[in-house]
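Here is the structure we will look at, set down as structure tokens.
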Amino acid sequence: MERDLRDVMAENLGAREQSIADLRPSTGALARSVRSVRRRRTVRHSSQAVGGLAVVAAVAVASWFGLRAVDEPVPAVTPTPSVSATAPAPSASPTTPTVVPDEILGLPPTRPMPPGLLTRTTPGWVLAIYRSVPDDSPDPDSPPVAHTVVLASPEGDLYRVLDLPLDLQIRLLRWEAGSTTAVVTRVGSDVPTDEARVALDLETGALTPTTLGLQVTGVYSNYWVGSAADGAELWTVVTSSDAYTSDLFRVKEGADPERVGGIGFQWLLDPTGRWLVSNVPGGATDEPEPFALLDVVDGGRLELSYDVPGQVCAVVGWLEPGALLAICADAGYRTAGIGDPAAAHAAYYRIDVGPTDATATLLAPLGSSDPRPMTWQGGWAASGVLAFPGHRGDLGEPGACADDLYLWSGQAATPMHVAPGATGFSLASGEPLVVSTVAGGCSGYPSAVTLRSFDATRGSWTVLAPEPSASGATGWFTGVESWVVGR
């Protein structure tokens, strides 16, 4: 799954308008959507990440479309590590020589990548791009001091893959563990809208645009959604002038693109990569709305009711294949100005989806002091276990910022305390769950992202990609800007 820093920032802005009450586009949400069509929200995830994000089946990437060159490849810059190593060296063994991590401006301590490591990686390794801008720069869009692709092991060992030109902006979309090629998208106002999919050679840095065969509408490029269980890539074609509706297409090598059905501006793939759930834009703010369920393998689309009469509902995330976690509250609570979830009779529901309908089961009511989940941002961590960002402001508060990541594992949401002070969270579903966190970003400039994985079985965290080292800067606007989990 892939997510980037701009996703984190945009998703937090989106959270101000996409709480349970906001089941139709608002003016602020419209502006956010237009800004993020090219460099999409979760605050993804990923990850499409990611954003948004689910476990998907791994498929070969290097052979996609033959990776035929359309433009001259952009040359990479060979990494030139500094020699001032200060980080502690790992313990040596009789067969493993000690390798001292290098300290390079704009990066945390990293090691040079051993020959052949890419081809030996397995699912769970993470590919990321540091595009590091010091916080003494004018703003986060200032030129970076480092632009480096890194590889993180599940244990948090960090290796430099290659350096990229400082003036280049790309975002990771997908990478198959064991492959030496990743799929990326170019970022920037000068990028042609028909070059949404680009193959990045992780050994040479060459960039090769590939043709999707999809319509491109005006200023809106095709947007990456994720991978289906059978390996097809999922992309959108915008169908409305405000980019709030799109058609979802399956794109597979050697075949014409297949339309799956219409989707809204929020969606989540299930843990198997078989089903996609999406909002259905439209209707009045306090009127119950359906959701769309799409079979992204065999095709087909249904609009289903949440099956909670008299209440408006929104999806939090997938609990497991075929089952959603949703939050519902009394229809009309927002118009009435009811901010207390208990007074609005807000509650969590399990929504089991079938071939023709959906069935709701009440799980737990929300008390006045319970966290309010930010909808459409949940990340699946294990069967029945879901993480999501939340806040403790008024229900439906448009200016709410996330105050923590919360874990649902049965009957209640408990704080995870992943990063005190974090206001931005981007999640990539899986075992383990991968989470990026950022402080700030909800209001004002953000700090750099820290990337972690969460093992739901052990309840433990592992840092995969930290902020750049403090050496050479007082702090960082940006560090990791995009990342993807190898599957």
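At a glance:
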| quantity | calculated |
| --- | --- |
| Of all accessible heavy-atom area on region 215-283, the percent that carbon and sulfur account for (1.4 Å) | 49 percent |
| Local net charge near ASP357, Cβ-Cβ under 14 Å (Lys/Arg +1, Asp/Glu -1) | -3 |
| Global geometry of region 159-239, whether rounded, prolate or oblate, following the gyration tensor of its Cα atoms and the 1.5 cut on a/c | oblate |
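The values are calculated or read from the model by the stated rules, or taken from the named source; none is laboratory data. Remember, it's a predicted structure, so these values are computed and weren't measured experimentally. Reconstructed Cβ throughout: ideal geometry from the backbone, glycine too, with neighbour counts over all protein chains shown. Accessible surface areas use protein heavy atoms only, side chains included; no ligands, DNA or RNA. Shrake-Rupley method; radii C 1.70, N 1.55, O 1.52, S 1.80 Å.
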